[in-house]
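Reviewing the structure listed below.
The values are calculated or read from the model by the stated rules, or taken from the named source; none is laboratory data. Keep in mind it's a predicted model, so treat the numbers as computed, not measured. A quick note on method: Cβ atoms are made from the backbone with ideal geometry, for glycine too, and the neighbour counts reach across all protein chains shown.
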Amino acid sequence: MAKQQGKEEKKVKEYKPPKMCPKCNSRMAEHADRFTCGRCGYTEFKKK
Ligand SMILES: [Zn+2]
């Protein structure tokens, strides 16, 4: 992949707030296609 020049200042990352578990209200871990809660095991699949 070629590196583009002159774009070093425009590195705005989209801020995504962490998903909270609806069951125990703790932060959920994000995976490629789902969110999982490490506390209670709740899993929520991403919709596309
Ligand atoms: Zn939970």
>> Tell me yes or no: at least one residue of segment 37-44 is in a loop (DSSP other than H, G, I, E, B), at pLDDT 95 or above, of a type in the set (S, T, N, Q) and out of contact with any Asp or Glu (no Cβ under 9 Å at 6 or more places or on another chain).
In response: no
>> Which pairs turn up if I take residues in segment 19-48 that are more than 10 Å from the ligand (Cβ to nearest atom) and look for partners that are outside any strand (DSSP E or B) and of a type in the set (Asp, Glu) with beta carbon separation below 6 Å, at least 6 apart in sequence or on another chain?
In response: Lys46/Asp33
>> So, in segment 26-39, how many residues would count as being surrounded by 13 or more Cβ atoms within 10 Å (Cβ to Cβ) and more than 14 Å from Lys16 (Cβ to Cβ)?
In response: 4
> Given the conditions (1) surrounded by fewer than 11 Cβ atoms within 10 Å (Cβ to Cβ); (2) at pLDDT 90 or above, and given that Glu14 satisfies all but one, which numbered condition is not satisfied?
Replying inline: (2)
